[in-house]
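Each reported figure results from applying straightforward, stated rules to the coordinates on display, with no laboratory input. Keep in mind that this is a model prediction, so the values were computed, not measured. A quick note on method: Cβ atoms are made from the backbone with ideal geometry, for glycine too, and the neighbour counts reach across all protein chains shown.
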Amino acid sequence: MGPGNFSVSGSAEPPLGPGERLQLFMDGEAVGPPQASASWGLQGVLRGPHDLVIRRVNNSGKTVAESDAVRVYVLRPSVR
């Protein structure tokens, strides 16, 4: 079986201010550019553990807040 596909969603408290965006990071690497939405669709994620972090960034790209890391596991499907 190949890589996995899944969705990630979060929320921002307080709500995003003018010029602020959210950016998802997986294993320390950005998953796309900053965006106003707190939802991401991930495709082709390889098996194994992955750490996800959402950062709140300002309009110059500076991180102003960061979530705790959440570890997810992509497993090989099995048939019983």
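For segment 41-54, the Karplus equation 6.51 cos²θ - 1.76 cosθ + 1.60, evaluated at θ = phi - 60°, returns couplings of x, 9, 10, x, 7, 5, 4, x, x, 9, 9, 10, 9, 10 Hz by residue, with Gly and Pro reported as x. Looking at the calculated P(r) for the chain, what percent of the C-alpha pair distances fall above 20 Å? Counting every Cα pair in the chain, those more than 20 Å apart make up 35 percent. With the simple spin-label model, which puts each label point 7 Å out from Cα in the Cβ direction, the Ala65 to Gln43 separation comes to 3.1 nm. Note: relative contact order over segment 4-74, using C-alpha pairs below 8 Å and six or more positions apart, is 34 percent.
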